[in-house]
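The values are calculated or read from the model by the stated rules, or taken from the named source; none is laboratory data. Nothing here was measured: the structure is a model prediction, and the numbers come from that model. Cβ coordinates were reconstructed from backbone atoms using ideal geometry, including for glycine residues, and neighbour counts include every protein chain displayed. For accessibility, only protein heavy atoms count, side chains too; no ligands or nucleic acids. Shrake-Rupley method; radii C 1.70, N 1.55, O 1.52, S 1.80 Å.
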Number of protein chains: 6
Amino acid sequence: MKVTVSRRAHFNAAHRLYRKDWSFEKNDAIFGKCNNPNYHGHNYELIASVTGEIDQETGFVIDVKILKDIIKAEVEDVFDHKNLNIDVEEFKYLNPTAENIVVVIYNKIKDKLDAKHKLEVTLYETPRNFVSYSGE
Amino acid sequence: MKVTVSRRAHFNAAHRLYRKDWSFEKNDAIFGKCNNPNYHGHNYELIASVTGEIDQETGFVIDVKILKDIIKAEVEDVFDHKNLNIDVEEFKYLNPTAENIVVVIYNKIKDKLDAKHKLEVTLYETPRNFVSYSGE
Amino acid sequence: MKVTVSRRAHFNAAHRLYRKDWSFEKNDAIFGKCNNPNYHGHNYELIASVTGEIDQETGFVIDVKILKDIIKAEVEDVFDHKNLNIDVEEFKYLNPTAENIVVVIYNKIKDKLDAKHKLEVTLYETPRNFVSYSGE
Amino acid sequence: MKVTVSRRAHFNAAHRLYRKDWSFEKNDAIFGKCNNPNYHGHNYELIASVTGEIDQETGFVIDVKILKDIIKAEVEDVFDHKNLNIDVEEFKYLNPTAENIVVVIYNKIKDKLDAKHKLEVTLYETPRNFVSYSGE
Amino acid sequence: MKVTVSRRAHFNAAHRLYRKDWSFEKNDAIFGKCNNPNYHGHNYELIASVTGEIDQETGFVIDVKILKDIIKAEVEDVFDHKNLNIDVEEFKYLNPTAENIVVVIYNKIKDKLDAKHKLEVTLYETPRNFVSYSGE
Amino acid sequence: MKVTVSRRAHFNAAHRLYRKDWSFEKNDAIFGKCNNPNYHGHNYELIASVTGEIDQETGFVIDVKILKDIIKAEVEDVFDHKNLNIDVEEFKYLNPTAENIVVVIYNKIKDKLDAKHKLEVTLYETPRNFVSYSGE
């Protein structure tokens, strides 16, 4: 009996979409207003979904408190009230598109989970735009 | 690395559930109050989810602005503030149940996407009733 | 101690904004795509808020079940899955703008409340457009 | 053409997470504040998603009114305004974790569906914590 | 320039509506399924809204972190994962209707605010039922 | 018959809370993580609520399309995908707290409304923190 347990979290951050190796004009053509050199920002909403067997002793797949603490340590403490391009190591040379952010978050959380657990991460950049990744 | 990019959109429309080749009584038995001959309506909410590899140059699976424009041209411009039964070609001979609408929307959006991209469409008829289709 | 008790409800309906005494062109200029002669529709969300003293015996301002039943009888049973222009008496000669609908609903619910209770009604035509009226 | 039809429902219930065969201390260590002997409670939100072929006659996978009635009879009438540990047969000897509740709900709804239909149930314990199960 | 600053919080609790000085039958007639002797529960959502002048030095009416901490100490730490009837002092002899709860919460938060600030509290018992109180 | 018409809009922006005339330490003590020199950001949600008499000809208090266009020109075009501290004139010498932003937005929209109309603006910095101002 495989059940998926999901936990929602959030962080507020600034970012800019651009490549340092492209001209401003090329960045502008591809990334439009997301290429504002002064940055813009979002309230990112995050759902981490862990799939596994129910532990017959506890009735848990994973204690949601443990999942909450992993998200706090790996994502919220590192990304919240930060400038993704400047303050977060992973985006110093990686464009912080929603797609790239969700892969980075997936990898950070996956590393802290028991290997028997499958993970999917969904990231809302706005209520209208969101992405998801499950390591495939 | 396959990531799914989702975009939410909406349109407001009137419709009536019935078959022209059935009696009013039979339509009433099957479709109940949705068979009101004067129509009723909904705020339809739509999520189009496109799955594909991240483009290593841009960091996008698909530029969400392109996806937004496809939804606008294929769905919003055609369905919004319309009577689905009368004003929308596809439903002249097809009962506009949520199931049939989501398949029609899937086909219209899928046609405009790169063939390498997988699509899933979710359509909310109300916040409590929704359907989804991924071409399978 | 005056407390406000609110109850949320909803109905799905078709409507058209226009005046029978105006030309199609004038209606089109004022009401735009809301003037589609074939109608369009909405999932209307409704909040009825009743303000009064807490009854010291029950701890209620008004039993929310009573408020729910009033909304059902006065609004949902009359408006749900209907064409407001054709099926609802009040809009046969009154343009069903959100403003006019909220006043009609206010009057219908207010009539069924104890005179000592103050009422405010909020009506969402869409999640982005809403109106409210408190009889003033 | 396989479409998934989803219906959202809700129930309000009290529960306590603990095992009768464990000491209070062990229950406290594992279940923390969820082990309050006086119970706490939730507004549970439920989504039942039924996947199948569209019936070419009706345009329905399943009449959503039938799905709504199954959820009412199998879940809402049995769980709503109840203490899960005391009032609901299935949890007399089963810890009512979200994981265990979703499996119980899945089995109750699945039993009432046509065998050709696939089911997934998602259960929100809070807006931030939710689980899903599809019988696999 | 009077601005209102609002902070949303939540707690999960069990409760039962009844009066100890009434018979079970009378409680049942007035409070219906809310009178389950084994309790039921809710995810309560709370909005505390503080109105006052903007401090010209900080640009704050009230530092929202201070408001958050007051809500945590006065409401969440006392009500969350509790049985309101048994575990919370204020409801030992007061029926925990939404109306009575919102007045209790208002008084607890108001006591900790600067006297120059006006307070309104809104309490959602469910997404469909909510109450508000502003001390008038 | 005074009815309030509300329109919801949104913009995504970066900001930093600090005063140029204070030391970093003092800014840090007062504004905490909101004082990140590299900025952070939000999806701001905005509700503009206009109160006035219903025009007996049109059934509108204000054509919501006009209100939508005012919000777009005055707020979205100026604030969206911007750094409030650097890119927006009004915040060059004014700390962009939610309180100060809502007053600026109120003044910009109020200037474009008919003088007979009353305005209230609510601004969500996050789903949990929001402010409102009505010019009093």
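Within 10 Å of the Cβ of each residue in A:23-34, the mean number of Cβ atoms contributed by other protein chains is 2. Helices in chain E, meaning DSSP H runs of at least 4 residues, each add -39500 (n - 2.57). Divided by all residues, the mean residue ellipticity at 222 nm is -7000 deg cm²/dmol.
Across the range D:1-40, no residue has a backbone nitrogen under 12 Å from the label position 7 Å along the beta-carbon direction of A:Glu53.
What relative contact order, as a whole-number percentage, does chain E give when Cα pairs under 8 Å and 6 or more residues apart are counted? Could the numbers behind the result be given before it?
Details: 217 pairs, mean separation 41.7, N = 136.
Computed over chain E, the figure is 31 percent.
Partner aspartates and glutamates whose Cα lies under 16 Å from the Cα of F:Lys112, excluding those fewer than 8 positions away in the same chain, are identified as F:Asp63, F:Asp69, F:Glu74, F:Glu76, F:Asp77, F:Glu120. Distances between every pair of Cα atoms in the protein assembly as shown, grouped in 10 Å steps from 0 to the bin holding the largest one, split as 2, 12, 21, 27, 24, 12, 2, 0 percent. Around the Cα centre of the protein assembly as shown, unit charges on the Cβ atoms of Lys, Arg, Asp and Glu (plus for the first two, minus for the last two) sum to a dipole of about 0 debye.
Within 10 Å of the Cβ of each residue in C:62-72, the mean number of Cβ atoms contributed by other protein chains is 2.
Rounded, prolate or oblate, given the Cα gyration tensor of the range B:60-103, with a/c below 1.5 counting as rounded? Verdict is prolate for the range B:60-103.
Between the beta carbons of B:Lys112 and A:Ala29, assuming R0 = 22 Å, the FRET efficiency works out to 0.55 to the nearest 0.05.
Net charge in the neighbourhood of A:Tyr93 (other residues with Cβ under 12 Å of its Cβ; Lys, Arg +1, Asp, Glu -1) is 0. Any idea what the E:Phe24 label distances to the other copies are, label 7 Å down the Cα→Cβ vector, nm, shortest first? So the label point of E:Phe24 gives 2.7, 5.2, 6.9, 6.9, 7.9 nm to the other copies. Largest first, the extents of the alpha carbon coordinates of the range C:1-62 on the three principal axes equal 59, 20, 14 Å. Peptide C:80-86 has a mean shielding of 5, counted as Cβ atoms of other protein chains within 10 Å of each residue's Cβ.
Return the value, in Å² to the nearest 100, of accessible area buried between chains B and D (probe 1.4 Å, both sides summed).
Buried area (both sides, nearest 100 Å²): 1600 Å².
For D:Lys118, a cut-off of 24 angstrom between C-alpha atoms picks up these lysines, skipping any fewer than 8 places away in its own chain: A:Lys2, A:Lys118, B:Lys118, D:Lys2, D:Lys65, D:Lys68, D:Lys72, D:Lys108, D:Lys110. Sorted largest first, the spans of the alpha carbon positions of the range C:2-133 along the three principal axes are 59, 25, 22 Å. Binning the alpha carbon pair distances of the range E:77-136 at 5 angstrom intervals from zero yields the distribution 4, 18, 25, 26, 18, 8, 2, expressed in whole percent.
Note on chain A: with charges restricted to the Cβ of Lys and Arg (+1) and Asp and Glu (-1), its dipole about the Cα centre is near 300 debye. For chain A, DSSP calls about 95 percent of its internal beta bridges antiparallel.
Considering only C:Trp22, C:Leu94, C:Ile66, and ranking their Cα positions along the charge dipole of the range C:10-136 that arises from unit charges at the beta-carbon of Lys, Arg, Asp and Glu, the one farthest toward the positive end is C:Trp22. Taking the accessible area of the range C:2-133, probe 1.4 Å, and keeping the other protein chains in place, the carbon and sulfur fraction comes to 50%.
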